[in-house]
Amino acid sequence: MIKEDSLTNAKDYVNYICNKNDIDLKSIPRVAVISYSRNITERLSRKYAYGAVNIGSRVDSILNLCSSEGGKNKFCILNGSIGSPIAAINAEELIAMGVQSILAVGPAGSPIERIQNGVSLNGATIFNVSRAHSCGGTTTHYFKHKNYFHPCKNVFKRISCISNNMGVVLKQGATATTDAIYRETPSFIKNIIGCGCNLIDMECAALFAVAEYRAISSGAILYTTDLVSAENGWHIYTEDHVIQELEETVSKIIEKFVNEN
């Protein structure tokens, strides 16, 4: 862990934004969902009463403040932008606002060495992320020589328990977090498979690293939308109904997660 203080910090920036936009930090829920799927965000926003504030860290940086059933539990949803640097920025600013638990949800790739008998769309799967292997530079600003990052054990167990109670099959999976989605070479795919990764994403390692550094809880639910094969190239799932079913299931898990906080 790099303990040297930073000259810049999220708290000062958040205070600046809050003063400028007259945002009351007491209204910010302690549980945040960073969604990398507009469909999931829209599903939840349609179901729950919510207000919105612009936290100003980027274009379209709208934080939806939702009240769950009966208004007893509150959570917030941020539409995440792709990539580890902005994921770390989002996490830092949410934490500076008082968020204590972050759940990331969204699509991911699946690395495989060989595709046999064509591409099976039934391979689309939802994963409870158990580990993130950093293949980028963002995490080195928090932990110099650390490559693997984990979700909070309690969050991971809760996601598993919720899915089991719902009768939903959730696989456990390790993800490789890359900064360069269009540089997934055959050797890269073989290397991450050798490291035990069965997912590829662009944010999880950074989010887990920031959460660990700032001592808050975190977790991630990813669902596969494409296959990246070292021998047979890239295959994107084209059946919209398959992805829609996955997103609907993930949305239901999120609802259970935020209502149990």
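Numerical summary
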{"item": "Helix 84-96 vs. the chain, principal-axis angle (Cα, 0 to 90°, nearest 10)", "result": "30"}
{"item": "In degrees, nearest ten, helix 38-47 long axis to first principal axis of the chain (Cα)", "result": "50"}
{"item": "Rel. contact order, % - alpha carbon contacts under 8 angstrom, at least six apart, the chain", "result": "25"}
{"item": "Contour minus Cα-Cα distance for Trp234 and Arg38 (0.36 nm per residue)", "result": "68.2 nm"}
{"item": "Only Lys, Arg (+1) and Asp, Glu (-1) charged, at Cβ; region 130-261 dipole about Cα centre in debye", "result": "800"}
{"item": "Structure-derived Cα extents along the principal axes in Å - corresponding label in (1) 49, 47, 41; (2) 47, 43, 39; (3) 57, 44, 32", "result": "(3)"}
{"item": "Rg to Rh quotient for region 189-232, alpha carbon positions, Kirkwood Rh", "result": "1.07"}
{"item": "Tilt relative to the chain, helix 204-214 - C-alpha long axis, 0 to 90 degrees, to 10", "result": "40"}
{"item": "Packing-based order for 182-191, 24-33, 169-178, using average beta carbon neighbours within 10 Å, highest first", "result": "169-178, 24-33, 182-191"}
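Values quoted throughout were computed directly from the atomic coordinates according to the rules given, and no laboratory measurement underlies them. Values in this document were obtained by computation on a predicted structure and should not be read as measured data. Neighbour counts are summed over all protein chains in view; Cβ atoms, including those assigned to glycine, are modelled from backbone coordinates with ideal geometry.
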